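To start, the structure itself, in structure tokens.
Just so it is clear, none of the values below were taken in a lab; they were calculated from the coordinates. Bear in mind that the values here come from a model prediction, so they are computed numbers and not experimental data. Cβ atoms come from the backbone with ideal geometry, glycine included; neighbour counts cover every protein chain shown.
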Amino acid sequence: MEKTKKKTEETEKKATQKQLSQLEFEKKVVELAEKGFTSEKIGEELRQQGIHPKDFSKKISRILKEKKIYTNPDLKNIEKKLDNLTKHHESNKQDKRAKREKDRIFSQVRKLKMYFKVPLK
């Protein structure tokens, strides 16, 4: 009986803990985006803080697109992977598997940039 009371009290605390307006929510999203988070990581961070993004009318990616801060998470993750592989290959020239993997990841980046119409560097 005591455990169920504790659980209901905890859920009630979480529900009443963070009641934000739409503007406050958007400010929080922009603040996290400026720290370098992608839209999916922003959602995770907000849920950890007790703020559920589905309670608000706009999606996180839509807010970021309106503020022109949006970066595609798929593209960002693959570019990060390519950077790590490039660094590894520069210090380990004999690693043929890493060279092949670097070329494969580079082609993925090119394909994604063409798909999302992002200019190639």
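Annotations
- Förster-model FRET efficiency, 25 Å R0, Asp83 and Arg62, C-beta, rounded to 0.05: 0.30
- Using the Karplus relation 6.51 cos²θ - 1.76 cosθ + 1.60 with θ = phi - 60°, the per-residue 3J(HN,Hα) values for the stretch 53-70 come to x, 6, 6, 10, 6, 9, 6, 5, 5, 5, 4, 5, 5, 5, 7, 6, 10, 5 Hz, with x marking Gly and Pro.
- For Lys41, Lys80, order by how many other beta-carbon atoms lie within 10 Å, fewest first: Lys80, Lys41
- Comparing Gln94, Gln48, Gln22 in a Gaussian network model of the chain where C-alpha atoms under 10 Å apart are linked, the largest mean-square fluctuation is found at Gln94.
- Residue-averaged 222 nm ellipticity for the chain, from DSSP H runs of 4+ at -39500 (n - 2.57), nearest 500: -22500 deg cm²/dmol
- Mean separation of Cα contacts under 8 Å (6+ apart) over length of the chain, as relative contact order %: 18 percent
- FRET efficiency for the Glu90 to His52 pair, using the beta carbon distance and R₀ = 41 Å, is estimated at 0.40.
- Cα-centre dipole for the chain with unit charges at Cβ (Lys and Arg positive, Asp and Glu negative), debye to 20: 620 debye
- Alpha-carbon gyration tensor eigenvalues x 5, square-rooted, for the stretch 73-115, Å: 21, 10, 6
- Derived scalar couplings between HN and Hα for the stretch 41-47 equal 6, 4, x, 4, 4, 5, 5 Hz in order, rounded to whole Hz, by the Karplus curve 6.51 cos²θ - 1.76 cosθ + 1.60 (θ = phi - 60°), x for Gly and Pro.
- Top positive-direction residue, dipole computed over the stretch 73-115 with Cβ charges, set Leu85, Ala98, Leu75: Ala98
- Residue with peak Gaussian network fluctuation, the chain [Cα springs, cutoff 10 Å], from Glu40, Glu26, Glu90: Glu90
- Here's how it looks for Val118: its modeled amide H is under 5 Å from none belonging to a residue 5 or more places away or on a different chain.
- Kirkwood hydrodynamic radius (C-alpha pairs) into Stokes-Einstein, the chain, 4 °C and 1.567 mPa s, D in µm²/s: 74 µm²/s
- Residue pairs, from the table Lys27/Lys76; Lys59/Lys121; Lys76/Lys96; Lys27/Lys67; Lys68/Lys117, whose Cα atoms sit over 19 Å apart: Lys27/Lys76; Lys59/Lys121; Lys76/Lys96
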